Amino acid sequence: MTDKLIRTAAWLAAIAIVFVTVSPIGLRPHDVLPVNVDRALAFTAMAALFVLAYPRQWMWVAMAAIVGAGAIELLQELSPTRHARIDDAMVKIAGASIGVVIGWTINQTRARGAA
């Protein structure tokens with residue numbers, strides 16, 4: 001049950017990130033955090049969830065999260081109110097990388113506890 005919940009959360013996070021990134025700028029949620037912190041935290045959470053959901057494929061998840069961060073940024077070129085920027089992509093890639101490390105560390109800790 002927990003594995004299914006984590007997989008669902010990972011995919012919902014990915015869908016939400018794509019929507020927020022590609023939708024018109026007026027639909028982007030706003031909060032008190034700086035936008036780069038939001039970007040990094042979103043990709044950190046998503047990548048960590050995917051690594052937790054697919055622990056045996058963590059390297060594939062890492063590659064997909066990093067390439068996906070750049071690809072999602074490029075998708076903004078399809079929207080007339082958005083623009084792709086390398087510095088935004090780098091923030092997303094950094095967040096995804098941190099998420100992979102967090103997820104991998106949690107998986108390693110869980111595996112040691114089960115042994």
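The values are calculated or read from the model by the stated rules, or taken from the named source; none is laboratory data. This is a predicted model, so every value here is computed, not measured. Positions of Cβ are generated from backbone atoms using ideal geometry, with glycine treated the same way; all protein chains shown enter the neighbour counts.
So here's what we get for this one:
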{"quantity": "Positions within region 1-27 being touching a helix residue (DSSP H, G or I) at 6+ places or on another chain (Cβ under 7 Å), closer than 15 Å to V91 by Cβ and of a type outside the set (S, T, N, Q), in sequence order", "calculated": "I17"}
{"quantity": "Candidates F19, F50, F43 - the one that is under 16 Å from the mean Cα position of the chain (by Cα), modelled with pLDDT under 95 and hydrophobic (A, V, I, L, M, F, W, C)", "calculated": "F19"}
{"quantity": "Yes/no for E73 being surrounded by fewer than 18 Cβ atoms within 10 Å (Cβ to Cβ) and among the acidic types (D, E)", "calculated": "no"}
{"quantity": "Region 59-115 - residue that is among the basic types (K, R) and under 16 Å from T21 (Cα atoms) and, of those, modelled with the lowest pLDDT", "calculated": "R82"}
{"quantity": "Exclusive hit being exposed (fewer than 12 other Cβ atoms within 10 Å of the Cβ) and either in contact with a Leu (Cβ under 6 Å, 6 or more places away or on another chain) or in a helix (DSSP H, G or I) (or both), set G113, G95, G68, G103", "calculated": "G113"}
{"quantity": "Filter pass, R7 being among the basic types (K, R), surrounded by 14 or more Cβ atoms within 10 Å (Cβ to Cβ) and more than 16 Å from N107 (Cα to Cα)", "calculated": "no"}
{"quantity": "Residue within region 82-91 that is in contact with a Leu (Cβ under 6 Å, 6 or more places away or on another chain), in a loop (DSSP other than H, G, I, E, B) and either surrounded by 12 or more Cβ atoms within 10 Å (Cβ to Cβ) or of a type in the set (V, I, T) (or both) present", "calculated": "yes"}
{"quantity": "Single match in R110, R82 (criterion: basic (K, R) and out of contact with any helix residue (DSSP H, G or I) (no Cβ under 8 Å at 6 or more places or on another chain))", "calculated": "R110"}
{"quantity": "Pair list, Cβ under 6 Å, 6 or more apart: region 96-112 residue farther than 11 Å from W58 by Cβ, other residue modelled with pLDDT of 95 or more and aromatic (F, W, Y)", "calculated": "A96/F43"}
{"quantity": "Residue match in region 45-61 (condition: over 30 Å from R112 (Cβ atoms), surrounded by 13 or more Cβ atoms within 10 Å (Cβ to Cβ) and free of Cβ contacts under 8 Å to residues at least 24 places away in the same chain)", "calculated": "no"}
{"quantity": "Selection count where residues are farther than 19 Å from T81 by Cβ, in a helix (DSSP H, G or I) and among the aliphatic types (A, V, I, L, M), scope region 9-41", "calculated": "9"}
